[in-house]
1. Does residue 70 satisfy the condition of being out of contact with any helix residue (DSSP H, G or I) (no Cβ under 6 Å at 6 or more places or on another chain), free of Cβ contacts under 8 Å to residues at least 40 places away in the same chain, in a loop (DSSP other than H, G, I, E, B) and closer than 15 Å to residue 119 by Cα?
2. Might you check whether a residue that is more than 22 Å from residue 57 (Cβ to Cβ), touching a residue at least 24 places away in the same chain (Cβ under 8 Å), assigned to a strand (DSSP E or B) and over 14 Å from the mean Cα position of the chain (by Cα) occurs anywhere in the stretch 174-189?
3. In the list 18, 111, which residue meets the criterion of being touching a strand residue (DSSP E or B) at 6+ places or on another chain (Cβ under 8 Å), surrounded by fewer than 18 Cβ atoms within 10 Å (Cβ to Cβ) and outside any helix (DSSP H, G or I)?
4. Filter the stretch 201-211 down to the residues that are over 10 Å from residue 171 (Cβ atoms) and modelled with pLDDT of 90 or more and list them by number.
5. What residue, of 44, 39, is modelled with pLDDT of 95 or more, part of a helix (DSSP H, G or I) and crowded, with 24+ Cβ neighbours inside 10 Å?
6. Return the only residue of 152, 121 being modelled with pLDDT of 95 or more, closer than 21 Å to residue 65 by Cα and either touching a helix residue (DSSP H, G or I) at 6+ places or on another chain (Cβ under 8 Å) or crowded, with 18+ Cβ neighbours inside 10 Å (or both).
7. Of all the residues that make up the stretch 88-108, how many are surrounded by fewer than 21 Cβ atoms within 10 Å (Cβ to Cβ) and either out of contact with any helix residue (DSSP H, G or I) (no Cβ under 8 Å at 6 or more places or on another chain) or part of a helix (DSSP H, G or I) (or both)?
């Protein structure tokens, strides 16, 4: 446990992993393990290369994905507490050897030449006017700007720049409408599937092999 971690630590089961966090980090939602499982399915057939998780929080989604389908994993979050928990949770799961954690803004976390086979992202997607409906959640983890898509657009921008041809980006969003809006204007990424759940949606964007 690092000094950056709060003493008020909670933990939850996430798939077969145990994830530790505190109130500075978004509480892991059970349903989002489906994002990990879908990502693991994509990893199994993706081109050779590592996995990138953006807005990684406590790291649970990316860690479960590579626990199910092992590949090197780069986790990026602007919150130092989230990064500390990602390292802690990876160590507890025996996944430290696969993990590279970067505490940085999305657009500053990667070098120009880095490429990834699969990108996972759980960006804040609550419209700013609605964040008061979720007082239990850290504002940094849920504020998606005016339409809820500010950070999601940054994620697709990073994915377009760093995803290998034939790779996939899997984003968590609030609604099917948000997924459709996010797809508008994308050149290298194509929205190919949206799966709906009680608490949100998962949207898959592919970069075609020839792109």
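The values are calculated or read from the model by the stated rules, or taken from the named source; none is laboratory data. Keep in mind it's a predicted model, so treat the numbers as computed, not measured. Using ideal geometry, Cβ is built from the backbone for each residue, glycine included, and neighbour counts are taken over all protein chains shown.
1. yes
2. No, the stretch 174-189 contains no residue that is more than 22 Å from residue 57 (Cβ to Cβ), touching a residue at least 24 places away in the same chain (Cβ under 8 Å), assigned to a strand (DSSP E or B) and over 14 Å from the mean Cα position of the chain (by Cα).
3. Matching residue, one of 18, 111: 18.
4. The answer is 206, 207, 208.
5. Testing whether each residue is modelled with pLDDT of 95 or more, part of a helix (DSSP H, G or I) and crowded, with 24+ Cβ neighbours inside 10 Å leaves just 39.
6. After applying the criteria, what remains is 121.
7. The number of residues fulfilling the criteria is 12.
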